[in-house]
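The values are calculated or read from the model by the stated rules, or taken from the named source; none is laboratory data. Worth saying up front: this structure is predicted, and the values here are computed from it rather than measured. In this analysis, Cβ positions are derived from the backbone assuming ideal geometry, glycine residues included, and neighbour counts consider all displayed protein chains.
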Amino acid sequence: MEAIGQRVWCNIAAIGMHATLLCLALCVAVTCHAWPTRQASERPIPPELQALFEEAEGTFPIKTLHGMPEAQNIGVYWLDNQHVIYTTRKLPGWEARSDERSKIIIYDVDAGTYEETPYRGDLWCVGLEKQVLVQDYALPYSFTVQPSDTKEDTRYFLSGTLGQPLTRFKRPHELGMLDPFSCRFYSNSDHNFGKGHMLGALRPGDGVLDQTLQGHTRLITPDGKVPWSVYADRSCNSFALPVYLPWLNRYFSYAAWSSSRQGCENESESSWLFSTEQIQTLHLPALIQELRKPDSRLGGDGVTYWARPGMFVFVQSSIGLDGLYWVDEKAGKLKRVFKKQWHLQRLSPDGCRNLVMTTPAVLIELCKGQTQ
């Protein structure tokens, strides 16, 4: 459920991330000082916290993709439930020179094979209807260079539909936002209804998300109606960029949390699952809420995801509790399904498979053995 977006919330998220990392560093330093005689992996989990979850490694099968070419740190996108498309700088018998554009390939996670596309550059976006956006730079074409351009003008892009020739253009400075569903840049002023609010695009026909300065987020449909509105204290939690879940025909807005964030210990830091008609608030599990208390001394931060089996919570930088947790609604339990720090950033369209871009890459099968 790792590309998750150059869109309206990015500036807010970037500011919050810098603050979080600084606070996290301080938190870790204080925590290490509290227990100087043991390594983190050896520190026992307090019984009252151990009772809030169960160990369940092996719940979801994994497959190591030894032959998958390494992806450049741009984005890996599913085309269907078997194939992914991404940028690479190295293939068998080829490695890009420093002044050479990257290649974009399609990889079959089941067959373990790949094919090269005719596109070169850095893949930025793949839309719901196979629209693609590629950042095109390394050596700018001579006939497009303007006097004000640098040698590598990063505003050159290629856009179009996968399998068709792409159109090269230079992104205007005023188009600062990227619609991840259509892979088009747009200006906030095109959709702000004259209100000057922070906005985020949804799928065509679903409307836009309107974030007011008072902390309310509401859905505005194309005909101007407001079917729902929620409030989030921006000092502790914000309505994050949504991910569309095709198998539910809903969107998921994740929660990013940190135990080092001062003054937010009593906040539940919600995630949201919503459609164009209604919204559901999802609170963090009790274990995470305990970790966030100042006196827990266990630290940690993380983020929530939604896959076909339900909500997952990723935990890192804690003492003994790192890993990926699954909220098993059927069993009424929180389960740690992986102790490794594996995100669910790259979910297949059916919500059943996730790619972890380690070296080598790992495929997690989230639906095998589960009744959906």
(request) With the condition kept exactly as written, say whether any residue in segment 314-325 is surrounded by fewer than 20 Cβ atoms within 10 Å (Cβ to Cβ) and more than 20 Å from the chain's Cα centre (by Cα). (result) yes
(message) Quick test for you: out of VAL134, VAL145, VAL126, VAL109, pick the one residue that is closer than 17 Å to ARG168 by Cβ and at pLDDT 95 or above.
(response) VAL134
(message) I need every pair where a residue in segment 326-355 that is within 22 Å of HIS283 (Cβ to Cβ) and at pLDDT 95 or above has its Cβ under 7 Å from the Cβ of a residue that is basic (Lys, Arg) and not in a loop (DSSP other than H, G, I, E, B), sequence separation at least 6 or different chains.
(response) TRP326/LYS335; ASP328/LYS335
(request) Report whether or not ARG308 is surrounded by fewer than 23 Cβ atoms within 10 Å (Cβ to Cβ) and of a type in the set (Lys, Arg). (result) yes
(message) Can you pull out every residue in segment 203-216 that is in a strand (DSSP E or B) and either aliphatic (A, V, I, L, M) or within 22 Å of SER182 (Cα to Cα) (or both)?
(response) VAL208, LEU209, ASP210, GLN211
(request) Collect the residues in segment 50-108 that are of a type in the set (S, T, N, Q) and under 30 Å from GLY320 (Cβ atoms), keeping them in residue-number order. (result) GLN50, THR59, THR64, ASN73
(request) Being surrounded by fewer than 19 Cβ atoms within 10 Å (Cβ to Cβ), in contact with a Cys (Cβ under 9 Å, 6 or more places away or on another chain) and not in a loop (DSSP other than H, G, I, E, B) is the filter here, so list the residues in segment 346-370 that pass it. (result) GLU365
(request) Could you please tell me which pairs satisfy a Cβ distance under 8 Å, a separation of 6+ or placement on different chains, a first residue in segment 56-78 that is more than 21 Å from CYS367 (Cα to Cα), and a second residue that is of a type in the set (Gly, Ala, Ser) and surrounded by 19 or more Cβ atoms within 10 Å (Cβ to Cβ)? (result) MET68/ALA361; ALA71/ALA361; GLN72/SER102
